[in-house]
Amino acid sequence: MQRRHCLTGLAALTLPAWLQAQERRRIVLGQSAPLTGPAAQLGLQMQAGAKLHFDAVNAAGGINGLPIELRTLDDGYEPERCKANTEKFIAEDVFALFGYVGTPTSLAALPLVNQHKIPFFAPFTGAEALREPASRWVFHVRASYFDETALIVKQLTQLSLNKIAVFHQNDAYGRAGLEGVQRAMQSRSLKPQAIGTVERNSVDVAAAVKALVPGAPEAIVMISAYKSCAAFIREARKAGYGGVFYNVSFVGTQSLSDELGKQALGVVVSQVMPYPFGSAIGIVEEYQEAVQRAGGDLRPNYTGMEGFLAAKVFSEGLRRMGRPSREGLVAALEGMQNYNAGGFTVKFGPGKHVGSSFVELSMLTGDGKVRR
């Protein structure tokens, strides 16, 4: 009897920890996201939306009997902290990485993802550097920043607003958005009138206001997080700027609105997720009902919608893979070549790991609402 127990223990030690975790009847996912600091609401909302769906899956019996555990670590939207979190997840051999928040942080994790061959699903970023060159292990459910900025520039030029400036975060995220604007403008024989920057996790926007406002651009496209974008909008208005502001989705729509209050009126944000407000059907109705059941201070917002939808798509991949394995998950996701998540279609395939190119524009009101 003793010998049998010893052999069983030795056999368990030869299994990957994530597979041992499945033997313990759970599927563990690792998420690195800002839970504190100037970008905290992005991480908190993404986590909350995902948990709403995973909790519902677990309440219904899990995936083929296995509950899903989302383990989230705070990175403060700093790449080195994200890298350390990812190393910890890998040391713990979580089954997959899910819902990371941010371009610079996701890029810090990417070499580890490829080295250790661990699925990296639905990062909250539209940066091309995470899409090209394609990785076998990385899957996206959202459109790219190139898609978003193309639509923004298209609308501006259709309105004959050709004097366009760019305010961007001075890192990989900001540069990705800037490149998108430049590409879209170049195709129309235009270029940004002026460019201003802000450091990540900073609201020191004085230099950017000085660089952009005196030239009186007709529009300013913004590629940063909600705190710095709100600070720039407030200071630009104080300096007499009367043009329009356009943001990409990563800004955090609800958080930007909350920061600006009445000054949010007329600010435009491109969106890559379904409109999460008002009467709805399909995935949006599911999300709204989950928010209502959760109660507390939780309310529908675009970032929570993204976490919820990503969790639904990922859960479907888990259902299709059969016995848990990372290779099996990749194959199952690639088999989702026309998956209707409830009015939002995701199209993966072999070598095609970007599931959506959906983009639309929304506008903030002065009373905390969002209109399409």
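The values are calculated or read from the model by the stated rules, or taken from the named source; none is laboratory data. Small disclaimer: the values here were computed from a predicted structure and weren't measured. Methodologically, a virtual Cβ is constructed for each residue, glycine included, from the backbone with ideal geometry; neighbour enumeration extends over all protein chains shown.
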statement: Pairs returned, first residue in the stretch 62-75 that is free of Cβ contacts under 8 Å to residues at least 40 places away in the same chain and farther than 20 Å from Met46 by Cα, second residue that is among the hydrophobic types (A, V, I, L, M, F, W, C) and crowded, with 17+ Cβ neighbours inside 10 Å, beta-carbon separation under 7 angstrom, 6 or more apart or interchain, are Gly62/Ile68
message: Can you pull out every residue in the stretch 303-324 that is out of contact with any helix residue (DSSP H, G or I) (no Cβ under 8 Å at 6 or more places or on another chain) and either over 23 Å from Met273 (Cβ atoms) or hydroxyl-bearing (Ser, Thr, Tyr) (or both)?
response: Arg323
statement: The condition of being under 25 Å from the mean Cα position of the chain (by Cα) and among the small types (Gly, Ala, Ser) holds, among Ala225, Ala207, only for Ala225
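Do you know which residues across the stretch 326-335 are touching a strand residue (DSSP E or B) at 6+ places or on another chain (Cβ under 9 Å) and surrounded by 17 or more Cβ atoms within 10 Å (Cβ to Cβ)? Spell out how you get there, then give the answer.
Here is the first cut: in the stretch 326-335, the residues touching a strand residue (DSSP E or B) at 6+ places or on another chain (Cβ under 9 Å) are 326, 329-330, 333-335.
Answer for the stretch 326-335, where residues must be touching a strand residue (DSSP E or B) at 6+ places or on another chain (Cβ under 9 Å) and surrounded by 17 or more Cβ atoms within 10 Å (Cβ to Cβ): Arg326, Leu329, Val330, Leu333, Glu334.
Among the candidates Arg293, Arg323, Arg319, Arg371, single out the residue that is in the same structural domain as Lys51 (by TED's automatic domain parsing), among the basic types (Lys, Arg), surrounded by fewer than 18 Cβ atoms within 10 Å (Cβ to Cβ) and farther than 21 Å from Phe98 by Cβ. Walk me through how you get there before you give the answer.
On the way: Arg323 fails: farther than 21 Å from Phe98 by Cβ; Arg319 fails: farther than 21 Å from Phe98 by Cβ; Arg371 fails: in the same structural domain as Lys51 (by TED's automatic domain parsing).
The match here is Arg293.
Quick one: in the stretch 125-179, of everything that is free of Cβ contacts under 8 Å to residues at least 24 places away in the same chain and closer than 13 Å to Val354 by Cα, which residue is nearest to the chain's Cα centre (by Cα)? Step through it out loud before you land on a result.
Going residue by residue through the stretch 125-179, those that are free of Cβ contacts under 8 Å to residues at least 24 places away in the same chain are 132-133, 158-160, 175.
Among the residues that remain, those that are also closer than 13 Å to Val354 by Cα are: 132-133.
On the way: Glu132: 17, Pro133: 19 Å.
Restricting to residues being free of Cβ contacts under 8 Å to residues at least 24 places away in the same chain and closer than 13 Å to Val354 by Cα, the top hit is Glu132.
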- prompt: Is it the case that the stretch 31-54 has a residue that's more than 24 Å from Ser249 (Cα to Cα), in the same structural domain as Phe124 (by TED's automatic domain parsing) and buried (at least 20 other Cβ atoms within 10 Å of the Cβ)?
  reply: no
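Out of curiosity, is Arg71 modelled with pLDDT of 95 or more, of a type in the set (Lys, Arg) and either in a strand (DSSP E or B) or touching a strand residue (DSSP E or B) at 6+ places or on another chain (Cβ under 7 Å) (or both)? First the steps, then the outcome.
Numbers: modelled with pLDDT of 95 or more: yes; of a type in the set (Lys, Arg): yes; either in a strand (DSSP E or B) or touching a strand residue (DSSP E or B) at 6+ places or on another chain (Cβ under 7 Å) (or both): yes.
Yes, satisfied.
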query: So Thr365 fits all but one of (1) surrounded by fewer than 19 Cβ atoms within 10 Å (Cβ to Cβ); (2) in contact with a Pro (Cβ under 7 Å, 6 or more places away or on another chain); (3) under 30 Å from Ala264 (Cβ atoms); what number is the exception?
result: (2)
